[in-house]
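Peer 1: Got a structure for you, written out below as structure tokens; questions coming shortly.
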Amino acid sequence: MLAIRLADEMWKDVEPGTEALLDKWLVREGDTVSAGQPVANVVLVKTALEVSAPASGRVARILVAAEQTFGPGRDLALLEPAG
């Protein structure tokens, strides 16, 4: 399984303890996605960002629900790679 998460570089200039908001999922558990496909919208320090799938596959499990907050390094969902 691969983790879907907000890229580490997005957190580099953020104050420690800051959390992002998972605004909206663009996919559901069981959906098939392509590498680089946007799968979620998040807000980090008043900036809207897209989280993309790291590889092609099937969204196996969503770990952070829409409208929940999360910190750096948190897995947002699990992806079962294609193949």
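Peer 1: Whole percent per 5 Å bin, from 0 to the bin with the longest distance: what is P(r) over all C-alpha pairs of the chain?
Peer 2: For the chain, the pair-distance distribution reads 3, 16, 30, 24, 16, 7, 3, 0.
Peer 1: Cβ neighbours within 10 Å, averaged per peptide: list 12-23, 42-53 in order, most packed at the top. List each step's numbers first, then the result.
Peer 2: On the way: 12-23: 12.8, 42-53: 14.7.
Output ranking for 12-23, 42-53: 42-53, 12-23.
Taken together, the values in this text are just the output of simple stated rules run on the coordinates, not laboratory data. No experiment lies behind these values; they were computed from the predicted model shown. All Cβ positions, glycine included, derive from the backbone under ideal geometry; neighbour counts span all protein chains shown.
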